[in-house]
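The structure appears below as structure tokens.
The values are calculated or read from the model by the stated rules, or taken from the named source; none is laboratory data. All values reported here derive from a predicted model rather than from experimental measurement. Using ideal geometry, Cβ is built from the backbone for each residue, glycine included, and neighbour counts are taken over all protein chains shown. Just so you know, the surface numbers come from the protein's heavy atoms only, side chains and all, with ligands and any DNA or RNA stripped out. Shrake-Rupley method; radii C 1.70, N 1.55, O 1.52, S 1.80 Å.
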Amino acid sequence: MVSKLPRWVEYGAFVLAFVAGSVNAIGLLGFKHQSISHLSGTATLVGTGLSDGAFSDTLHLLGILLSFLLGAALTGSVLPSRSLKLGRHYDSLLVVEGGLLLISIYFLNDGSLLGHYTASAACGLQNGFASTYSGAVVRTTHVTGIFTDLGLMLGARLRGESFDRRKAILFVLIISGFISGGGLGAYLFNAMQFFALAIPACICFLLALGYRVYRISARRRLRQA
């Protein structure tokens, strides 16, 4: 149950959604007006590109899909399962994500399409953090499923079922993080262009550091207990 999860889960989910929202906004404004943190629109563009005969653009879009897949595969190779557990190498993956975003800045400023792929891989890596909380799959790089689950919860409440308030709070935090991150990403892109990706990258590094400190302090408390 969500009620049994530590509070750092909610804080981390908000920050990760904030990072994804900012990266996606920068993608929409700078990566050929294309979403980066989720693939529904990209997959649709692949289909339309094949229909229109725009094979070069379609090949590029397929590269983005593959990059996202490889990023998620990296997370799957590091984390032993989809369940959330203190002590796993979330901090290492966050450092890799931040590094991929910094690499994206270099390629994008050089006019290379490789920057699109590294940014997509960073989002795929983060999306691989998904865990199942109380029967709901929670991801931080898009909010379609979050809105769906929240709507189902509200409908079930109208039907007389119990309402998991903490799970609803978690969903609202993810939604608000993604939206506020998008606002910051748009502002930063207007001011800094692709260098704006340095901000979500630094947030990843700080989140990794915070998680490492929390993990060490939790281990010390267990030893002293």
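Taking every residue in region 87-106 that is closer than 15 Å to Ala121 by Cα and charged (D, E, K, R) and pairing it with any residue that is open to solvent by less than 30 Å² (accessible area, probe 1.4 Å) and assigned to a helix (DSSP H, G or I), at least 6 positions away or on another chain, the pairs with Cβ-Cβ distances below 7 Å are Glu97/Ala122; Glu97/Leu125; Glu97/Gln126; Glu97/Cys204.
In this entry, His33 is excluded by the filter for residues that are at pLDDT below 75, surrounded by 15 or more Cβ atoms within 10 Å (Cβ to Cβ) and within 22 Å of Ala196 (Cβ to Cβ). Taking residues in region 37-59 that are without any contact (Cβ under 8 Å) to a residue 40 or more places away in the chain, and partners anywhere that are among the small types (Gly, Ala, Ser) and surrounded by 15 or more Cβ atoms within 10 Å (Cβ to Cβ), the pairs with Cβ atoms closer than 6 Å and at least 6 places apart or on different chains are Gly41/Ser35; Asp57/Gly49; Thr58/Gly49. Entry remark, region 96-115: residues being in contact with a His (Cβ under 9 Å, 6 or more places away or on another chain), open to solvent by 10 Å² or more (accessible area, probe 1.4 Å) and assigned to a helix (DSSP H, G or I) number 2 in total. Just checking, does region 57-72 include any residue being modelled with pLDDT of 85 or more, more than 15 Å from Leu207 (Cβ to Cβ) and hydroxyl-bearing (Ser, Thr, Tyr)? Yes: one or more hits. In region 120-225, counting only helices (runs of 4 or more DSSP H) that sit wholly within it, none holds 1 or more residues that are among the charged types (D, E, K, R), open to solvent by less than 60 Å² (accessible area, probe 1.4 Å) and on the phi > 0 side of the Ramachandran plot.
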